[in-house]
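Single-structure report; data block below.
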């Protein structure tokens, strides 16, 4: 199960150097690398690097690094369950009206879920994004898959996609996926969308309930597994909630990275704790600047 041309990755302008720079800043956050050092890693002048990073990531390299070093996960929990309480009190009308009203999710019917994608055509491509290369899959109904392909490679991500939708028809189609990726990454970094971005999800009723709750967590905030369990009406089911969070197949857009341990420790992310820390730091930096 490999891409027809594994070397061909759809390149979205500006993202490749940003992904390398973020990786470097995450690994060296405690050393507080300078703008010049980070720019040198991606082969750009400091001035050009500053502009490219801010355009692609939504925040300056300095601000991103400040939030990486500050351990923002604990601060953004905002007194634990109050984040979830506030999100649910905001009056969103249900699973089809989600945060910022710019993500519209459609869940499979139970019958379609049992058929595991039969009759569906999933178009996919590997794309470059601000947090590294990712595999995106989408049907005509919306995005059904977004996973980071590093460090295990695109073949593993594609095998997981096909494993989740075993009866679907798969077509590698970079032209179809590229505009979706542009909008997905723009939304993930707080950019405006011209129209809602559709998601198409399949899961058990419990998983769907957990993913809906994830979509209510505001950018720049974190909750604990216990908070999330209480929010879905199962306060003693933290472990089951954790399993549902881990089963999320649409990273970034269904923000499972916003769930952390009650101690404030960031771990247990399907695509690595460093990437989770980077996502949280960027969101915290953007919302604090807003």
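General observations
- Of all DSSP beta bridges in the stretch 115-224, antiparallel share, percent nearest 5: 70 percent
- Peptides 116-123, 189-196 ranked from most to least packed give 116-123, 189-196, packing being the mean of other C-beta atoms within 10 angstrom over each peptide's residues.
- A protection proxy built from the mean count of other Cβ atoms within 10 Å ranks the segments 151-158, 130-137, most packed first, as 130-137, 151-158.
None of the figures in this text is laboratory data; all of them are computed from the coordinates on show. As the structure is a prediction and not an experimental result, all values here were calculated from the model. Cβ sites come from the backbone with ideal geometry, for glycine too, and all protein chains shown count toward neighbours.
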